[in-house]
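Undergrad: One structure, pasted below without further comment.
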Amino acid sequence: MKILLVAAEAYPFAKRGGLGDVIGSLPLALKDKGIDVRVVIPKYSDIPSSYRSKMEKLRNFNVKIGWRNQYCGIEKLQHKKVDFYFIDNEYYFYRNNLYGYYDEAERFAFFNRAVLDMLPIIDFKPDVIHCHDWHTGMISVLLESQYREKEFYKNIKTLYTIHNLKYQGVFSREILGDLLGLDESHFVEKKLKFYDAVSFMKGGIIYSDAINTVSKTYAREIQTQYFGEQLHGLLKEKRNDLHGILNGIDGDEYNPRTDPYIIKYNARMIKTKLINKTKLQKKFALEVNPSVPLIALVSRLVPQKGIDLIMAVLDDIMNLGVQFIVLGTGEIKYEKFFRAAELRHEGRLSSNIMFSDELAHKIYASSDLFLMPSLFEPCGLGQMIALRYGSLPIVRETGGLKDTVMSYNEYTGEGNGFTFTKYNAHDMLFTIRRAARFYDNKKIWNRIVQNAMRSDNNWGISAEKYINLYNSLL
């Protein structure tokens, strides 16, 4: 079976969030199961020079974007036995950031068409093109509207994965002709029209042979008005083609037994985790005290992640006698809040308004509790990584958080973390207080940590589900 994964980012080349992690790890799992899987992303200037210098240039050709005739180079690099292709155009992709430009529609319209045009040139005909998030939503549209009559493309199927419905790639209706070469017949409700605009995400949903999202709970949630981001009606209509498959994590990348950034440990060596904790406390000028619960927040600082709940009761949380460490960047108001909180709670709260992969590993390995009170969470990888390292998640029951974290039950001994249901700061505070109480009972606490570290969130099961879904299309 031949599968092409198409996305805007992939670890370790370019990553801004969970999408990059998934596109970095899913193909490795598929490859291990005998699938001929390949990946294509844009060639950004952000890609480290250590990878750029090893890329092999295959071909270059021109891509038509409306009236434009743009250069496109194809470069290739094998990483962990998987072939990665890079779409090269410096005008579109040689910029300081991956996203956030005025011409996003043009950049990704170019990328979508370039992917289709490159396939016969590199002599790779996939059975399934697996598209990810809004940046690739027009691949299925263009394939059905402009490429199907060509022999090479006749039998190619498409799968469209929604990683986050909130970000939909919505642009003015002028892009139909100006960038996509589509006529006005596509500007209707049953096709690409989204109010008075055009939606890449809607295009991917309507034109792909199957759709999935990244947890079973999120697949149900997005069919409701609250979570559906104005596409709930369409998704409910497409429910028979909508599947929920949990993301996994790379078990080699996130493994406390082999992690090069930490003092290594496993579920039977929980005391070693405390050594990591005291080292982190020293590093960030927190009181060195292994008996104080250390809560971690490793997150984008945006409303989706429930930061408003934390702001509402942070001082109450600190009054529980805990320590708190923050790692992440995002909206200015949140960054300022945590910087100010560090001054108020000197020696007990550390705000690190930055992102560092190495530091993230250290925090997962050192923290006792991992806070993730999301407003919504399609899947979430943070809680899975935290489980792997024995940092017990405190999460709101939504999306993938609900599917991966089971609240500890003191009567049965089951559970790998702590959960609350309503998006309410005091419900969250109550749950943190409950978790802190269990921390004082080491017999119970160590049992929950062992439950957490034995949770299986590697790609094995989910990769099999994707293979079954590919087979169902063929």
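Undergrad: Going by the structure shown, is residue 267 touching a residue at least 40 places away in the same chain (Cβ under 8 Å), touching a helix residue (DSSP H, G or I) at 6+ places or on another chain (Cβ under 7 Å) and not in a helix (DSSP H, G or I)?
TA: On the way: touching a residue at least 40 places away in the same chain (Cβ under 8 Å): yes; touching a helix residue (DSSP H, G or I) at 6+ places or on another chain (Cβ under 7 Å): yes; not in a helix (DSSP H, G or I): yes.
Yes; evaluated as a whole, the condition is true for this residue.
Undergrad: For the stretch 49-61, check the following and say yes or no: at least one residue is touching a Cys at 6+ places or on another chain (Cβ under 9 Å), assigned by TED's automatic domain parsing to the domain that holds residue 464, free of Cβ contacts under 8 Å to residues at least 40 places away in the same chain and not hydrophobic (A, V, I, L, M, F, W, C).
TA: Within the stretch 49-61 (the criterion being touching a Cys at 6+ places or on another chain (Cβ under 9 Å), assigned by TED's automatic domain parsing to the domain that holds residue 464, free of Cβ contacts under 8 Å to residues at least 40 places away in the same chain and not hydrophobic (A, V, I, L, M, F, W, C)), the answer is yes, since at least one residue qualifies.
Undergrad: Okay, moving on. Output the number of the condition that residue 404 fails; it satisfies all remaining conditions of (1) at pLDDT below 95; (2) under 18 Å from residue 249 (Cα atoms).
TA: (1) is the only condition that residue 404 fails.
Undergrad: For residue 440, are the conditions met, namely being outside the structural domain of residue 156 (by TED's automatic domain parsing) and closer than 22 Å to residue 380 by Cβ? Talk me through it step by step, then tell me what you get.
TA: On the way: outside the structural domain of residue 156 (by TED's automatic domain parsing): yes; closer than 22 Å to residue 380 by Cβ: no.
So residue 440 fails the test.
Undergrad: Within the stretch 177-207, can you find the residues that are among the acidic types (Asp, Glu) and touching a residue at least 60 places away in the same chain (Cβ under 8 Å)?
TA: From the stretch 177-207, those among the acidic types (Asp, Glu) are 178, 183-184, 189, 196; that's our starting set.
Listed by number, the list holds a single entry, 178.
Undergrad: For the stretch 242-258, which positions are farther than 30 Å from residue 469 by Cβ and either in contact with a strand residue (DSSP E or B) (Cβ under 7 Å, 6 or more places away or on another chain) or surrounded by fewer than 21 Cβ atoms within 10 Å (Cβ to Cβ) (or both)? Quick ask: steps written out before the conclusion?
TA: Within the stretch 242-258, the subset farther than 30 Å from residue 469 by Cβ is 256-258.
Listed by number, the residues that qualify are 257, 258.
Undergrad: For the stretch 165-193, which positions are under 19 Å from residue 237 (Cα atoms) and either crowded, with 22+ Cβ neighbours inside 10 Å or not assigned by TED's automatic domain parsing to the domain that holds residue 227 (or both)?
TA: Within the stretch 165-193, 165, 168, 192 meet the criteria.
Undergrad: Right, something else. Could you tell me which of the residues 86, 108 is under 23 Å from the mean Cα position of the chain (by Cα) and part of a helix (DSSP H, G or I)? Steps first, answer last, please.
TA: On the way: 86 fails: part of a helix (DSSP H, G or I).
Result: 108 is the single residue among 86, 108 that is under 23 Å from the mean Cα position of the chain (by Cα) and part of a helix (DSSP H, G or I).
Undergrad: Answer with yes or no whether residue 214 is without any contact (Cβ under 8 Å) to a residue 12 or more places away in the chain, closer than 30 Å to residue 378 by Cα and aliphatic (A, V, I, L, M). Spell out the reasoning first.
TA: Working: without any contact (Cβ under 8 Å) to a residue 12 or more places away in the chain: no; closer than 30 Å to residue 378 by Cα: yes; aliphatic (A, V, I, L, M): yes.
Answer is no for this residue.
Undergrad: Moving to a separate point now. Look through 23, 74, 41, 47 and report the one residue that is assigned to a loop (DSSP other than H, G, I, E, B) and either modelled with pLDDT of 95 or more or over 21 Å from the mean Cα position of the chain (by Cα) (or both).
TA: Only one candidate passes the filter, namely 47.
Undergrad: For the stretch 420-439, state whether one or more residues are without any contact (Cβ under 8 Å) to a residue 24 or more places away in the chain, farther than 21 Å from residue 317 by Cβ and more than 22 Å from the chain's Cα centre (by Cα).
TA: no
Undergrad: Here is a follow-up. Would you check if residue 141 is buried (at least 19 other Cβ atoms within 10 Å of the Cβ), in the same structural domain as residue 84 (by TED's automatic domain parsing) and out of contact with any strand residue (DSSP E or B) (no Cβ under 9 Å at 6 or more places or on another chain)? Steps first, please.
TA: Numbers: buried (at least 19 other Cβ atoms within 10 Å of the Cβ): yes; in the same structural domain as residue 84 (by TED's automatic domain parsing): yes; out of contact with any strand residue (DSSP E or B) (no Cβ under 9 Å at 6 or more places or on another chain): yes.
Yes.
Undergrad: Out of the residues in the stretch 397-428 that are of a type in the set (Ser, Thr, Tyr) and in a loop (DSSP other than H, G, I, E, B), which is surrounded by the fewest Cβ atoms within 10 Å (Cβ to Cβ)?
TA: Ranking the candidates gives 411 first.
Undergrad: I'd like the full set of residues that are in contact (Cβ under 8 Å) with a residue 60 or more places away in the chain, out of contact with any Leu (no Cβ under 8 Å at 6 or more places or on another chain) and within 18 Å of residue 119 (Cβ to Cβ), limited to the stretch 11-41.
TA: Listed by number, the list holds a single entry, 35.
Undergrad: So which of 359, 387 ends up being closer than 22 Å to residue 256 by Cα, without any contact (Cβ under 8 Å) to a residue 60 or more places away in the chain and part of a helix (DSSP H, G or I)? Quick ask: steps written out before the conclusion?
TA: Values: 387 fails: without any contact (Cβ under 8 Å) to a residue 60 or more places away in the chain.
When all the criteria are applied, what remains is 359.
Undergrad: Tell me, please, whether a residue that is among the polar types (S, T, N, Q), out of contact with any Lys or Arg (no Cβ under 7 Å at 6 or more places or on another chain) and within 30 Å of residue 473 (Cβ to Cβ) can be found in the stretch 235-255.
TA: yes
Undergrad: Among the residues of the stretch 386-404, write down those that are hydroxyl-bearing (Ser, Thr, Tyr) and under 26 Å from residue 227 (Cα atoms).
TA: Across the stretch 386-404, the qualifying residues are 398, 404.
Undergrad: Can you give me the ranges of the helices (runs of 4 or more DSSP H) entirely in the stretch 146-256 with at least 3 residues that are among the polar types (S, T, N, Q) and touching a helix residue (DSSP H, G or I) at 6+ places or on another chain (Cβ under 8 Å)? Explain how you work it out, then say what you get.
TA: Details: elements: 175-178, 200-207, 216-221, 232-237.
Helices (runs of 4 or more DSSP H) meeting the threshold: none at all.
Undergrad: Test each condition in (1) in a loop (DSSP other than H, G, I, E, B); (2) assigned by TED's automatic domain parsing to the domain that holds residue 12 for residue 259 and report the one that comes out false.
TA: (2)
Undergrad: Which of the residues spanning the stretch 445-474 are at pLDDT below 95 and in contact with an Asp or Glu (Cβ under 7 Å, 6 or more places away or on another chain)?
TA: Listed by number, the list holds a single entry, 474.
Undergrad: Can you go through 455, 462 and tell me which one is in a loop (DSSP other than H, G, I, E, B), among the polar types (S, T, N, Q) and either crowded, with 20+ Cβ neighbours inside 10 Å or touching a Leu at 6+ places or on another chain (Cβ under 6 Å) (or both)? Break it down into steps so the answer makes sense when it comes.
TA: Values: 462 fails: in a loop (DSSP other than H, G, I, E, B).
None of the other options fit; the residue is 455.
Undergrad: Only residues that are over 21 Å from residue 290 (Cβ atoms), of a type outside the set (Ser, Thr, Tyr) and in a loop (DSSP other than H, G, I, E, B): list them for the stretch 342-356, please.
TA: 353, 354, 355
The values are calculated or read from the model by the stated rules, or taken from the named source; none is laboratory data. As the structure is a prediction and not an experimental result, all values here were calculated from the model. Here the Cβ is made from the backbone with ideal geometry for all residues, glycine too, and neighbour counts use every protein chain on show.
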